[in-house]
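A quick write-up on the structure given underneath.
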Amino acid sequence: MEDQKQIEAFEAKIASGVKIEPKDWMPEAYRKQLIRMMSQHAHSEIVGMLPEGNWITRAPSLRRKAILLAKVQDEAGHGLYLYSATETLGIDRTELLEQLHTGKAKYSSIFNYPTLTWADIGAIGWLVDGAAIMNQTALARGSYGPYSRAMVRICKEESFHNRQGYEIMMHLAQGTPEQKAMAQDALNRWWWPAIMMLGPSDDQSPNSDQLMRWKVKMESNDAIRQRFIDRTVPQADFIGLSLPDKDLKFDETTGHYTHGPINWDEFFEVIKGNGPCNAKRLKARSDADKKGRWVRDAALAYAEKKKLKAA
Amino acid sequence: MSQDSQWPVWEVFVQANPGIPHKHVGNVHATDAEMAIQNARDVYTRRSEGISIWVVPANAISASSPEDQGSFFEPSNDKPYRHPTFYKIPEGVKYL
Ligand SMILES: [Fe+2]
Ligand SMILES: [Fe+2]
Ligand SMILES: [Fe+2]
């Protein structure tokens, strides 16, 4: 049983806005929850490289290709910041990756959808990175020092991801009728998954009281979702694309958009592993790990040999 | 077969501009110092965040322990006379 005094001191510290650092005392439940969340986030960054990486060789211009490469490279960086932040909780990366490959750890549901056309790259930057920013700016205020610092860094980099995506959509929407239709089709397919990636609605996501008190979670999923919708709808209007929700309307009294019902069955199916690309994504990750193994071993052996020679 | 290695961890310090201290920014995995510096450049300075990088094997760093934070730093708490504000200087005295 954890000492009540320790817990009280820990909670007082958090309430006063002091960050918890790796070597500080923390409740086991706090550590476990953070490992779960942070590793899930790290996995999402690197699995997220797959759907976009799919279009690097087929980007429509050199400019777009350089931008997409830089974006995907950023995501690799985000994965690294987050794995290293997770390692400060006393778990190592080999174990984290194993949890991903065996399906024990999850990653964001959104990356289990396919990128069928170039417009999907626009939709992802605009909507998926846009939704991620909403979530991550909230998490940057969280109580765990290394996670919060990683979020601050990541948020700075995300804003270019978001804008380059919107720019792609804008250009397509102003292009030929075919290009506009392609942008609209991508928006139709990505809108609902983007809304869902912010997590189950508040009445379906239990025990968040403690997580809020511990500043592991900073805001409810629905609150973040609402902000995302409120900010994104006018952006779609501006470029003349329509959102695939006939119930979407602005409520003058609340100042917020109300939206139609979300298909949570689809969300939970994807989380369970039954989305369109789950198997493909996991296989790509675990193949990369297996096929890279000899490179890691050889590089280490070479470094050791060099050290011996120098000695 | 040996255990899969993710390579040793190196802590990374970046100097953002000339004349200011190197600051800890995070870590990277690498087989040796040279690779650690290259990886650190790619991970932590993609947007000209630095002009110099230090890498240090993570296991070479010794740290004070947070449990003794109170007693460890206590000796300086009862020495307010180390601060200039401790001294009362009459008004009108300049450059002091
Ligand atoms: Fe990212
Ligand atoms: Fe992210
Ligand atoms: Fe991103």
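Tell me whether region A:155-173 contains one or more residues that are of a type in the set (Gly, Ala, Ser), within 16 Å of ligand 1 (Cβ to nearest atom) and either assigned to a loop (DSSP other than H, G, I, E, B) or at pLDDT 95 or above (or both). Yes, because at least one residue in region A:155-173 is of a type in the set (Gly, Ala, Ser), within 16 Å of ligand 1 (Cβ to nearest atom) and either assigned to a loop (DSSP other than H, G, I, E, B) or at pLDDT 95 or above (or both). Scanning region A:61-75 for residues that are in contact (Cβ under 8 Å) with a residue 24 or more places away in the chain and either in contact with a strand residue (DSSP E or B) (Cβ under 8 Å, 6 or more places away or on another chain) or more than 10 Å from every other protein chain (Cβ to nearest Cβ) (or both) yields a total of 5.
Scanning region A:1-16 for residues that are part of a loop (DSSP other than H, G, I, E, B) and at pLDDT 95 or above yields one hit, A:SER16.
Under the condition of being within 14 Å of another protein chain (Cβ to nearest Cβ), within 16 Å of ligand 3 (Cβ to nearest atom) and either of a type in the set (Val, Ile, Thr) or open to solvent by 60 Å² or more (accessible area, probe 1.4 Å) (or both), the residues counted in region A:145-200 number 4. Tally the residues that are without any contact (Cβ under 8 Å) to a residue 40 or more places away in the chain and more than 8 Å from chain B (Cβ to nearest Cβ), restricting the search to region A:76-85. Of the residues in that region, 2 qualify. Select from region B:44-53 the residues that are in contact (Cβ under 8 Å) with a residue 24 or more places away in the chain and facing chain A (nearest Cβ under 10 Å) and write down the one among them that is surrounded by the fewest Cβ atoms within 10 Å (Cβ to Cβ). Checked region B:44-53; the qualifying residue surrounded by the fewest Cβ atoms within 10 Å (Cβ to Cβ) is B:GLU49. Could you tell me whether region A:128-141 includes any residue that is at pLDDT 95 or above and part of a loop (DSSP other than H, G, I, E, B)? Within region A:128-141 (the criterion being at pLDDT 95 or above and part of a loop (DSSP other than H, G, I, E, B)), the answer is yes, since at least one residue qualifies. Pairs linking a residue in region A:246-263 that is closer than 18 Å to A:ARG231 by Cβ to a residue that is modelled with pLDDT of 95 or more and open to solvent by 100 Å² or more (accessible area, probe 1.4 Å), with Cβ atoms under 7 Å and 6 or more positions apart or on different chains, are A:TYR257/A:LYS249; A:THR258/A:LYS249.
Is it the case that some residue within region A:241-257 is assigned to a helix (DSSP H, G or I) and touching a strand residue (DSSP E or B) at 6+ places or on another chain (Cβ under 7 Å)? There is no residue in region A:241-257 that is assigned to a helix (DSSP H, G or I) and touching a strand residue (DSSP E or B) at 6+ places or on another chain (Cβ under 7 Å). Of everything in region A:212-221, what is under 19 Å from the mean Cα position of the chain (by Cα) and not hydroxyl-bearing (Ser, Thr, Tyr)? Give them in sequence order. Listed by number, the residues that qualify are A:LYS215, A:VAL216, A:LYS217, A:MET218, A:GLU219, A:ASN221. The combined condition, being closer than 20 Å to A:MET170 by Cα and more than 12 Å from ligand 1 (Cβ to nearest atom), is not fulfilled by A:GLY103.
For region B:62-96, enumerate the residues that are under 30 Å from B:ASN39 (Cβ atoms) and open to solvent by less than 80 Å² (accessible area, probe 1.4 Å). B:ALA63, B:SER64, B:SER65, B:PRO66 - these are the residues of region B:62-96 that are under 30 Å from B:ASN39 (Cβ atoms) and open to solvent by less than 80 Å² (accessible area, probe 1.4 Å).
Here B:ALA36 passes the criteria (1) modelled with pLDDT of 95 or more; (2) within 8 Å of chain A (Cβ to nearest Cβ); (3) open to solvent by less than 30 Å² (accessible area, probe 1.4 Å) except the one numbered (2).
Every listed requirement among (1) exposed (fewer than 15 other Cβ atoms within 10 Å of the Cβ); (2) more than 17 Å from the chain's Cα centre (by Cα); (3) within 14 Å of another protein chain (Cβ to nearest Cβ) is met by A:LYS13 save one, (1).
Where helices (runs of 4 or more DSSP H) fall entirely within region A:17-125, those with at least 3 residues that are surrounded by fewer than 20 Cβ atoms within 10 Å (Cβ to Cβ) are at A:28-47, A:62-87, A:93-101. Going by the structure shown, is A:THR117 within 14 Å of chain B (Cβ to nearest Cβ), away from ligand 1 (no atom under 16 Å from the Cβ) and more than 17 Å from the chain's Cα centre (by Cα)? So A:THR117 does not fit the description; no. If you go through region A:126-144 and keep only what is open to solvent by less than 10 Å² (accessible area, probe 1.4 Å), out of contact with any strand residue (DSSP E or B) (no Cβ under 8 Å at 6 or more places or on another chain) and polar (S, T, N, Q), you end up with just A:GLN136.
The condition of being within 14 Å of ligand 2 (Cβ to nearest atom) and at pLDDT 95 or above holds for only one of A:PRO27, A:PRO51, that being A:PRO51.
Considering only residues in region B:4-29 that are of a type in the set (A, V, I, L, M, F, W, C) and within 9 Å of chain A (Cβ to nearest Cβ), the one that is least open to solvent (accessible area, probe 1.4 Å) turns out to be B:VAL28.
The values are calculated or read from the model by the stated rules, or taken from the named source; none is laboratory data. Nothing here was measured: the structure is a model prediction, and the numbers come from that model. Note that each Cβ is placed from the backbone with ideal geometry, even for glycine, and that neighbours are counted across all protein chains shown. What goes into the accessible areas is simple: the full protein's heavy atoms, side chains included, and nothing from ligands, DNA or RNA. Shrake-Rupley method; radii C 1.70, N 1.55, O 1.52, S 1.80 Å.
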